[in-house]
Amino acid sequence: MSYVIEATETPVAAKPSTRPPFSITPLTAHIGAQIDGLDLRFTLTQSQTAAIRAALLKWKVIFFRNQYLSHEQHAAFSRQFGQLTVGHPVFGYVEGHPEIYSVGRNRKANRFDGQRLVRPWTGWHTDVTAAVNPPFASILRGVTIPPYSGDTQWTNLVAAYRGLSPTLRAFVDTLSGEHRFAPPEGAQAKSAFEQDVSKRPLVSHHPLVRVHPESGERALYVSPSFLKHVVGLAPRESEQLLQLLFEHVIRPEYTVRFKWEPGSIAFWDNRSTAHLPPVDIFDTTFDRQLYRTTLVGDIPVGPDGTSSVAIEGDPVLAHRAD
């Protein structure tokens, strides 16, 4: 069932003044909605941006189809919701487009050697949680999409928190964890990865439960790829607790799976979700190319009002054009 939002304001960019309403269609009970009836090449009205933001807060990740944007249009759409960071604070950006990060099939090929240890939560992560102020949101645009394989999944960390027992919620409310960029378990860093990380080291302690700054909801703020241990617990205690939480947040009922098409866009709230890039693409010979922008985030705050702490590195700031 979809619901319709009326278009009531005249857009800033050149576009016919009469626009039909657009629709928002939820995809699962807990996460994901598709928005149809908008052309993201043009400046949105205030009511449209407000409706999109409300949908993002409610459904955590929203999707658009048939949006064939240039890099410039992608960045312009993103700026309507916040300040843009440089493409990636550690791994760079697309030449000539410092606010765009390339998410290509083989972008990690020069980073790791060896065979990683694969567990059910391997690959799941929240973007750039090694920074003390991880991005507020990420906006990913599909360009070259294989005919099959290459789907991305997201999970609702608010629903996951609510799914814990009251006793466990009360315990994790008091904890924090250390997030850092590191090779996957079992793999070794190549020199290119080590050089990138050493140029911009990022290590932060975040609360295990984050209070969402807009909705006030509590999210289980665990990022399996970057969260390495729970501060103050013995190694075995930390390992067991994190494995329990990692397994919990990826339960199917909290997730949505998105099949990409050329012109598809995914826009997710990085404060309340984790996501899983595809692995099956490497079992095919298909090319796959997407591009991402990220929006500057705030410093997470836990239920007791304690803020995240930077152990190494500086906050990720908005990109400033020369």
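The values are calculated or read from the model by the stated rules, or taken from the named source; none is laboratory data. Being a predicted model, the structure only gives us computed values, none of them experimental. FYI the Cβ positions are ideal-geometry reconstructions off the backbone, even for glycines, and counts take in every protein chain you see. For accessibility, only protein heavy atoms count, side chains too; no ligands or nucleic acids. Shrake-Rupley method; radii C 1.70, N 1.55, O 1.52, S 1.80 Å.
Full extension of the segment from LYS259 to ILE299, taken as 0.36 nm per residue of separation minus the current Cα-Cα distance, would add 11.2 nm.
Report the antiparallel proportion of the DSSP beta bridges in the chain as a percent, rounded to a multiple of 5. Bridges in the chain that DSSP calls antiparallel: roughly 95 percent. Charged neighbours of HIS212, selected by a Cβ distance under 11 Å, balance to 0 (K, R count +1; D, E count -1). Which one of SER47, SER102, SER308 has the biggest mean-square fluctuation once the chain is modelled by GNM with Cα springs under 10 Å? Checking each option, the largest mean-square fluctuation is seen for SER47. Compared with the alpha-carbon gap, the fully stretched path from SER215 to ARG169 is longer by 14.7 nm at 0.36 nm per residue.
Simple spin-label estimate for PHE282 and LEU27 gives 2.4 nm between the two label positions (7 Å along the Cα-to-Cβ direction from each Cα). How much length is gained if the chain between THR45 and GLN73 is pulled fully straight, taking 0.36 nm per residue apart and subtracting their Cα-Cα distance, in nm to one decimal? Once the chain is fully extended between THR45 and GLN73, it gains 8.5 nm. Computed over the chain, the Cα gyration tensor eigenvalues convert (square root of 5λ each) into semi-axes of 31, 23, 19 Å, ordered from largest to smallest.
Positive contributions from Lys and Arg (+1) and negative ones from Asp and Glu (-1), summed over other residues with Cβ under 10 Å from the Cβ of LEU202, come out at 0. Residues ILE145, ILE265, ILE299, ordered by accessible area of protein heavy atoms at a 1.4 angstrom probe radius and largest first, appear as ILE299, ILE145, ILE265. Within the chain, count lysine pairs with alpha carbon atoms under 28 angstrom apart where the residues are 8 or more positions apart or belong to different chains. Lysine pairs meeting both conditions in the chain amount to 11. In Å², and per residue, what accessible area does the chain have when probed at 1.4 Å with the other protein chains present? Roughly 44 Å² per residue, with all protein chains present.
Note on VAL118 and GLN240: their simple-model spin labels are 2.8 nm apart, each label 7 Å out from Cα toward Cβ. Of the solvent-accessible surface of the chain, computed with a 1.4 Å probe and all protein chains present, 53% belongs to carbon and sulfur.
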